[in-house]
Amino acid sequence: MSRARLTLDLQVAGRQVGDLLIPWSDDRNPLGRYPVPVITVSGTPGPVVLILGGVHGDEFEGPAAIMRLARDLAPDALRGRVVMIPAANAPAFAASRRCSALDGGNLNRAFPGDADGTPTAMIADWLQTWMIPRCDAVIDLHSGGKASVFVPCSLPQAGISPALDAANADLALAFGLPVIWQLGAQNDDRSVNAACARAGVACIAAELGGGGGVDPDVTDMAEAGLRRVLHHLGVIASAPPPGPQANATWVELSDPADHVMAPARGLFDRRCHAGARVSSGDLAGWLHFPEDPTRTPVVLRFPQAGLVLAHTARGLVDRAEMLALVARDIG
Ligand SMILES: [Zn+2]
C-alpha cells in the first residue's frame, strides 16, 4: 500500500494542479512531505495518458515541452485525461541532478519500487502500482542530461506481446522523431518502459538531445510529438503535421562491443556527432593526457558500422566510460 498521497481527484473534470506527497522525515523537516507537482487536464470520458518528464532531474527538454502543453490543453476540447508530471523525481530536478538529492536514487532504475523504501522507491512504487495501471498510454521524456547527447529518438519496447509491441510501435510512429530506438530483451527491467510492460500499458520513452540545457529545435519536436500522440489516441482533435516517421530509421543496440569506451582516464577530443552514420574503423576521437604530456594520444575508432545514437558530453572521462553508443539498423 503506497504511503504517497495524491492531492488531486483524477475523477474530477477540468484543469487541476496538485502534488503527489512523499513522506520524508529528516533533520530539517521531521514530519515532512516532499511534493512532486502533478497537473491534470480532463474532458469527456476517454483515454488516460500519463506524460512524465524529469525522471532524471538534469534532463530539461521534456519538462519544457510538458509545461508548454500544460498551459495550452483546454478541458472542453479534450476527450479523456492527460496527467502531466514534469519533474517526476522532484528532489533530483530541484538539485539539477540525474539522481535524487535526498537518497541518491535513479528513478529509471527504481521500478517496481518499494512502498516502504526511500523517496525514489516510493515514487516508483506509486507509479507502478497506482498510476500506470490507470493509464492507457505513458510517454516518458528523457534526454542525455549533463553527461551525454542523444540523437532525438523515441524508444518503444518490443518482445512483450504482439498487441503491446504494436501499440508501442504506433506511439513511436505517432511521436514522429526521425530515429526509433527499439528496446529489446536487454532493456533494464527497473525502467519506466519495463514498469509499463509489466502493467500491460502502452509506453514510449524519448531521448531529446542533451548536454544539460534546452535546445529550441528539439523541444519543439518534443512538444509536436506529444500533440501527435494525443491526437493518435483520440484525446485532441487536431495535431501538427506528421513528423518524418515515414522515413524513420529503426535501430537497436545489439552488442555492447559496438560502443566506444574510454580505455583510460583522459581528455576525450570527440570527432563524431550524434545522428552521424559511421563505418567500421572511422575516427571517433582521440584521448589526450594533459596531465602527462609526453604520453602519446590514443586513437579511438568505431569498431562497427552504424548510427551514432549518443556520445558523452564530458571532456575529462574515466576509464570504461561510454564515449559513443553505436546502434545497428533493424531489418
Ligand atoms: Zn534520462
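The values are calculated or read from the model by the stated rules, or taken from the named source; none is laboratory data. Quick caveat: nothing in here was measured; it's all calculated off a predicted structure. In this analysis, Cβ positions are derived from the backbone assuming ideal geometry, glycine residues included, and neighbour counts consider all displayed protein chains.
A few points about this structure:
- Considering residues of region 146-196 that are among the β-branched types (V, I, T) and either within 25 Å of D125 (Cα to Cα) or not assigned by TED's automatic domain parsing to the domain that holds R109 (or both) only, the residue surrounded by the most Cβ atoms within 10 Å (Cβ to Cβ): V192
- Any hit, region 18-33, residues being among the hydroxyl-bearing types (S, T, Y) and in contact (Cβ under 8 Å) with a residue 12 or more places away in the chain: no
- Residue within region 294-312 that is within 28 Å of A166 (Cα to Cα), under 21 Å from the mean Cα position of the chain (by Cα), buried (at least 16 other Cβ atoms within 10 Å of the Cβ) and of a type in the set (S, T, N, Q) present: no
So that you can scan it fast, the table gives a plain yes or no per residue for (1) within 16 Å of the ligand (Cβ to nearest atom); (2) outside any strand (DSSP E or B); (3) hydrophobic (A, V, I, L, M, F, W, C):
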{"residue": "I139", "(1), (2), (3)": "yes, no, yes"}
{"residue": "G144", "(1), (2), (3)": "yes, yes, no"}
{"residue": "I160", "(1), (2), (3)": "no, yes, yes"}
{"residue": "L177", "(1), (2), (3)": "yes, yes, yes"}
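- Residue among L20, L69, L10, L50 that is in the same structural domain as G209 (by TED's automatic domain parsing) and more than 21 Å from the chain's Cα centre (by Cα): L10
- Which numbered condition A88 fails, given (1) within 16 Å of the ligand (Cβ to nearest atom); (2) out of contact with any helix residue (DSSP H, G or I) (no Cβ under 7 Å at 6 or more places or on another chain); (3) under 17 Å from W126 (Cα atoms): (2)
- Residue in region 107-119 that is more than 16 Å from the ligand (Cβ to nearest atom) and part of a helix (DSSP H, G or I) present: yes
- Scanning region 42-53 for residues that are among the hydroxyl-bearing types (S, T, Y) and either at pLDDT below 95 or surrounded by 21 or more Cβ atoms within 10 Å (Cβ to Cβ) (or both) gives a single hit, S42.
Rundown of residues vs (1) among the hydroxyl-bearing types (S, T, Y); (2) under 27 Å from E207 (Cβ atoms); (3) crowded, with 16+ Cβ neighbours inside 10 Å, yes/no style:
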{"position": "G32", "(1), (2), (3)": "no, no, no"}
{"position": "P37", "(1), (2), (3)": "no, yes, yes"}
{"position": "T40", "(1), (2), (3)": "yes, yes, yes"}
{"position": "V55", "(1), (2), (3)": "no, yes, yes"}
{"position": "E59", "(1), (2), (3)": "no, yes, yes"}
{"position": "G62", "(1), (2), (3)": "no, yes, yes"}
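- Qualifying position, being of a type in the set (G, A, S) and in contact with an Asp or Glu (Cβ under 9 Å, 6 or more places away or on another chain), among A110, A166, A87, A77: A110
- Evaluation of D188 against the conditions (1) at pLDDT 95 or above; (2) in a loop (DSSP other than H, G, I, E, B) shows that the sole unmet condition is (1).
- Failed condition for L267, given (1) surrounded by fewer than 19 Cβ atoms within 10 Å (Cβ to Cβ); (2) more than 22 Å from L323 (Cβ to Cβ): (2)
- When D189 is tested against (1) under 14 Å from the mean Cα position of the chain (by Cα); (2) closer than 21 Å to S254 by Cα, just one condition goes unmet, and that condition is (1).
- Count - residues of region 195-220 that are within 23 Å of A137 (Cβ to Cβ), assigned to a loop (DSSP other than H, G, I, E, B) and either of a type in the set (D, E, K, R) or out of contact with any helix residue (DSSP H, G or I) (no Cβ under 7 Å at 6 or more places or on another chain) (or both): 0
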